[in-house]
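Colleague: Please see the structure below; I have some questions.
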């Protein structure tokens with residue numbers, strides 16, 4: 001990791017902590033900055049920057065759904081998804097179609 005990244009990450013953590021502390025204080029930004037001996041303009045800059053970083057972050061991380069694989073006698077495969085849905089995969093299945101189905105299931109989850 002580059003030195004500049006480390007410094008930036010430390011500053012981000014420091015200002016995140018300061019912003020949380022201000023929010024819990026019940027003080028105005030100006031009063032909090034005076035109390036903590038911070039420059040108001042710098043405080044406002046970091047508050048805006050952190051809001052933007054939060055807004056740009058993905059809403060949720062994609063995750064896989066839990067599945068149960070059960071093989072039956074006819075050599076087809078049944079995927080049980082979340083205990084509610086099942087998908088039967090026959091030996092001559094279309095891999096491309098299965099890929100698209102899995103992608104849609106991941107988007108909905």
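Every number in this text was worked out from the coordinates using simple rules, so none of it is lab data. As the structure is a computational prediction, the values presented were derived from the model and not from experiment. Cβ placement follows ideal geometry from the backbone for every residue including glycine, while neighbour counts extend to all protein chains displayed.
Colleague: Measuring from label point to label point, each 7 Å out along Cα→Cβ, what is the residue 63 to residue 99 span in nm?
Modeller: Distance between label points: 2.6 nm.
Colleague: Calculate the FRET efficiency for residue 44 and residue 106 from the Cβ-Cβ distance with a Förster distance of 35 Å, rounded to the nearest 0.05. Walk me through the numbers on the way to the answer.
Modeller: On the way: r = 39 Å, r/R0 = 1.12.
Efficiency for this residue pair is about 0.35.
Colleague: What does the extension gain come out to for residue 29 and residue 17, with contour length at 0.36 nm per residue minus their alpha carbon separation?
Modeller: Numbers: separation 12, 0.36 × 12 = 4.32 nm, distance 1.43 nm.
That works out to 2.9 nm of additional length.
Colleague: Need one word for region 3-56: rounded, prolate or oblate. Basis is the Cα gyration tensor (sqrt eigenvalues a ≥ b ≥ c); a/c below 1.5 gives rounded, then a/b vs b/c decides.
Modeller: prolate
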